[in-house]
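To keep things clear, I will list the structure first and then write my remarks on it.
The values are calculated or read from the model by the stated rules, or taken from the named source; none is laboratory data. Everything quoted here is computed from the prediction, not taken from an experiment. Cβ atoms come from the backbone with ideal geometry, glycine included; neighbour counts cover every protein chain shown.
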Amino acid sequence: MFSSNNKISLRQLQVLIFINGFSSVFLLLSKFLAKTSRNFGVILILLLGLFISFFVSFCINIFEKYKKENFKDMIIDVFGKYLGNIICFIMSLKLILSSALMLRIFCEFIRETTLSKTHISITAGIIIIICIYSYKNNIENFARVSEIIFITVFFPILLVFSSAIINTDYTNILPLFEIDKVGIFQGLAISSCIFFGIENIFINYSYINKNKYMNNKNISISKSVFVALIFLTICSTISYFFTVTRFGVETTAFKLFPMIVMLDTVEIPGAFIERQLLFVLWAVIGFIFVFVNSGFISMYSILNIRNKVIQYFLGIFVVIICILPKNIIQTIKLFFNVNILGSLLFGIILPFIIVLYCILKRREK
């Protein structure tokens, strides 16, 4: 039975971090990173992943000492009530735009693979209704569902990736250090979308049952977040590596969903099914459900939305945004622009300012 304390465990936070990040990797990363950074993209993911892991864990370590209730309270404390609420509103708008654009990408994928005659708005509407219903004004319910999705998705996909080791041309990754200055900067910007909503990590951190972990010296919230981000970085690097080594960077950049195509074409020795498209479809559905729902829950948290009617109106708003882009390419470009700019402003600059404020205030005391 689900409890109703509206708190999540460290394990559930780690699951949310991984699924939110790997959603972008699964659908989008390979195509655009292969186009901009080619084989060197493997190194870029590792470098950016290490930086984000250290940065986020450092920020959370400082936040733990500051002892504010949630990320929103920290923003208001630093910038004042008026400016702080404006920043929170813009941040929630960024999160919901990301969710709407990812939802459109998911609907296009479903239309390409299974439901070719179903209109995008119908698929999007069904997903939104499920997201709103599953929340029930309690993030713990959603976190438990996310745990189940992680278990039922990760191990089947791991099985497919393990089979990719056999039939792979590893020479496709050479030359590994093919460096282009423009490509490096573009690749770093694109790779930042792996860590979807870095600010989303700080928002979900607010739901941690801190009283349970603060008194236990053997458990550190910041170290647990660091481990989750490192795990996400390793999985993202391996995924990109096998996609490129199987197809080569030119073919990877040409395909719309290269990683999904790669997983679908891998032959599993002794498998009881001929193709593993079912695994891939379930992985996409599970990842996108968590991704979109995370955007909703973060927005509800920041704007303090509890009314069910308002939640459904926001759901209609998301569906409208979802169907506005003309095609899938425009949608993906918008998704990257929103996330690259948003992650820089709200995931890097904003937490850095709050950390400086916390350190200076502590020194004054």
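Looking only at residues that are of a type in the set (A, V, I, L, M) and over 15 Å from the mean Cα position of the chain (by Cα) in segment 86-103, which one is nearest to PRO325 (Cα to Cα)?
First, the residues of segment 86-103 that are of a type in the set (A, V, I, L, M): 86-87, 90-91, 93, 95-97, 100-103.
The next check asks that each one be over 15 Å from the mean Cα position of the chain (by Cα); those that pass are 86-87, 90-91, 93.
Working: ILE86: 27, ILE87: 26, ILE90: 21, MET91: 21, LEU93: 17 Å.
Out of the qualifying residues, it is LEU93.
Those helices (runs of 4 or more DSSP H) of segment 298-365 in which 1 or more residues are among the β-branched types (Val, Ile, Thr) and more than 21 Å from ILE190 (Cα to Cα) occupy 308-323, 350-364. Residues that are charged (D, E, K, R) and outside any helix (DSSP H, G or I) within segment 59-76 comprise LYS67, LYS68, GLU69, listed in sequence order.
Can you name the residue in segment 1-58 that is not in a helix (DSSP H, G or I) and not small (Gly, Ala, Ser) and is also modelled with the highest pLDDT among such residues? Per the stated criteria, the residue is ILE8. How about segment 201-250: which of its residues are modelled with pLDDT of 85 or more and within 19 Å of GLN12 (Cβ to Cβ)? Listed by number, the residues that qualify are LYS223, SER224, VAL225, PHE226, VAL227, ALA228, LEU229, ILE230, PHE231, LEU232, CYS235.
For segment 70-120, which positions are of a type in the set (Lys, Arg) and either buried (at least 16 other Cβ atoms within 10 Å of the Cβ) or touching a residue at least 24 places away in the same chain (Cβ under 8 Å) (or both)? Working first, answer last.
Step one: list which residues in segment 70-120 are of a type in the set (Lys, Arg), which gives 72, 81, 94, 104, 111, 117.
Listed by number, the residues that qualify are LYS72, LYS94, ARG104, ARG111.
In segment 277-290, the condition of being closer than 20 Å to SER53 by Cα, modelled with pLDDT of 80 or more and of a type in the set (A, V, I, L, M) is met by no residue. Scoring PHE287 on the criteria (1) over 19 Å from THR114 (Cβ atoms); (2) aromatic (Phe, Trp, Tyr); (3) within 17 Å of the chain's Cα centre (by Cα) leaves a single failure, condition (1).
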